[in-house]
Every structure is written in structure tokens, then in C-alpha cells.
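Trainee: Could you have a look at this structure, given as C-alpha cells, before my questions?
The values are calculated or read from the model by the stated rules, or taken from the named source; none is laboratory data. Not measured: the values here are computed from a predicted model. So basically every Cβ, Gly included, is an ideal-geometry build from the backbone, and we count neighbours across all protein chains shown. To get the accessible areas, we keep the full protein, side chains included, count just its heavy atoms, and leave off ligands, DNA and RNA. Shrake-Rupley method; radii C 1.70, N 1.55, O 1.52, S 1.80 Å.
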Amino acid sequence: MFAVIKIEQIGNPRRGFPSSFIKKWTGFGLNRIEEVVVQGQRDYSNANSVGSRGVFKYYFLSEGGIYHVSSPESWNRTDEYYCQVVNNDIIRMDFEEALKCLEKQELAKRFMRHH
């Protein structure tokens, strides 16, 4: 099972505009959260002539995964949040909630390894 997030790729990050990303949390490393960048699929079908608006990226997120999302909403505003896919629904959460979910997943992994 999975869910899809669609994010518009506004402007050009090389020119100072915010870039979008989705990173999947994979566990705890040394003094940090380990994460991998989720690759999306670009859609140029609604792009303007210079590609600064109307370019969308579709991200496919797996069930149970915990994700860090950065989604530009305008030229100067970015919606940044964390989420988890539960029953094909995207559940938004703040950092602390996402951290608790990751801790639960890590505990479950350790328990399964020892039993």
C-alpha cells in the first residue's frame, strides 16, 4: 500500500527559490536520524514556458513510512511537515510526533530480532 504526494516545483533552487524534497526516516544513527531522499516523478504537462511554475513532482510513499516533507507553496513560503502513511492516508504530524513514531518502529524492530 502507498500514498501519493504531489508538489509543485516552484522557481529554480539555484536562484534562491525554495526546493522541495521528501526524505524517508530509516532509523537512528550516531547522534542523528538516518534518512534517504525519496525520488519523485516529474510532470511538465502544465509547465509555463520557462518551467518556473506548473512543474509537478509526484512522490510515492510506502505504508508505515515516516517522512519529512518540504513543499514550496509560493515564491517565498514553504510548507514543511512530517507525515506517515496509514491505510493509504497521509497523516500529518509535527517533529515530536514523528520522532515518537520512529522510536516505536525501532523498538519493534529490536523486539522482532530477539524473538
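Trainee: Under 8 Å between Cβ atoms, at least 6 apart or on separate chains: pull out the pairs that start in the range 14-34 with a residue that is over 19 Å from LYS104 (Cβ atoms) and polar (S, T, N, Q) and end on any residue that is at pLDDT below 95 and open to solvent by 70 Å² or more (accessible area, probe 1.4 Å).
Mentor: That search, which allows pairs on different chains as well, returns SER19/PRO13.
Trainee: From the residues in the range 55-103 that are among the small types (Gly, Ala, Ser) and under 19 Å from PHE21 (Cβ atoms), which one is farthest from the chain's Cα centre (by Cα)?
Mentor: Result: SER74.
Trainee: Checking the conditions here, which among ASP89, ASP43 is open to solvent by 20 Å² or more (accessible area, probe 1.4 Å) and free of Cβ contacts under 8 Å to residues at least 60 places away in the same chain?
Mentor: ASP43
Trainee: Out of the range 58-75, which residues are closer than 14 Å to GLU8 by Cβ and either among the β-branched types (Val, Ile, Thr) or open to solvent by 30 Å² or more (accessible area, probe 1.4 Å) (or both)?
Mentor: TYR58, VAL69, GLU73, SER74, TRP75
Trainee: Pull up the range 23-32, narrow it to residues that are out of contact with any Leu (no Cβ under 7 Å at 6 or more places or on another chain) and assigned to a strand (DSSP E or B), then point me to the one that is nearest to VAL85 (Cα to Cα).
Mentor: Among residues in the range 23-32 that are out of contact with any Leu (no Cβ under 7 Å at 6 or more places or on another chain) and assigned to a strand (DSSP E or B), the one nearest to VAL85 (Cα to Cα) is LYS24.
Trainee: Any residue at all in the range 41-57 that's under 17 Å from LYS104 (Cα atoms) and either part of a strand (DSSP E or B) or out of contact with any Pro (no Cβ under 9 Å at 6 or more places or on another chain) (or both)?
Mentor: No, because not a single residue in the range 41-57 is under 17 Å from LYS104 (Cα atoms) and either part of a strand (DSSP E or B) or out of contact with any Pro (no Cβ under 9 Å at 6 or more places or on another chain) (or both).
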